[in-house]
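The values are calculated or read from the model by the stated rules, or taken from the named source; none is laboratory data. Values in this document were obtained by computation on a predicted structure and should not be read as measured data. Cβ atoms come from the backbone with ideal geometry, glycine included; neighbour counts cover every protein chain shown. Calculation scope for accessible area: heavy atoms of the full protein, side chains included, ligands and nucleic acids excluded. Shrake-Rupley method; radii C 1.70, N 1.55, O 1.52, S 1.80 Å.
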Amino acid sequence: MSVAIVLLTIALILVVALLAAAGAATLARLDGATYPAAFQQAAIVFAAVISLAAAVTAALASVRS
C-alpha cells in the first residue's frame, strides 16, 4: 500500500474524529452542560472514533492475511 494512501486515510480518520467530537461538544452545550462536561463528552467521542478505526483496521488486516 502506498505511503500517501496511508497518510491520507489517517488524516481523514482524524478529521472525522474531530468533527464528531465537535458535534458532541456542541450538542452537550446546547443541552445545558458545563464547559468541562462538554469537553469530557468530546474527548470520549474522539477516543471512541479512534478506537473504532483501530478495530476496523485490525479486522481488515486479519481477514486479508
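Taking the stretch 1-40 as the range and being part of a helix (DSSP H, G or I), among the polar types (S, T, N, Q) and more than 16 Å from A53 (Cβ to Cβ) as the test, the residues that pass are T26, Q40.
Which one of these is of a type in the set (K, R) and at pLDDT 95 or above: R29, R64? Please lay out each step first, then the result.
On the way: R64 fails: at pLDDT 95 or above.
Exactly one of R29, R64 is of a type in the set (K, R) and at pLDDT 95 or above, namely R29.
When we screen A28, A47, A43, A58 for residues that are surrounded by 14 or more Cβ atoms within 10 Å (Cβ to Cβ) and of a type in the set (A, V, I, L, M), the only hit is A28. Which of the residues that make up the stretch 32-61 are at pLDDT below 95 and among the hydroxyl-bearing types (S, T, Y)? Of everything in the stretch 32-61, just one residue is at pLDDT below 95 and among the hydroxyl-bearing types (S, T, Y), namely T57. Of all residue pairs spaced 6 or more apart or on separate chains, those with beta-carbon atoms under 9 Å, a first member in the stretch 32-56 that is under 15 Å from T9 (Cα atoms) and touching a residue at least 40 places away in the same chain (Cβ under 8 Å) and a second member that is β-branched (V, I, T) and open to solvent by less than 60 Å² (accessible area, probe 1.4 Å) are A53/I13.
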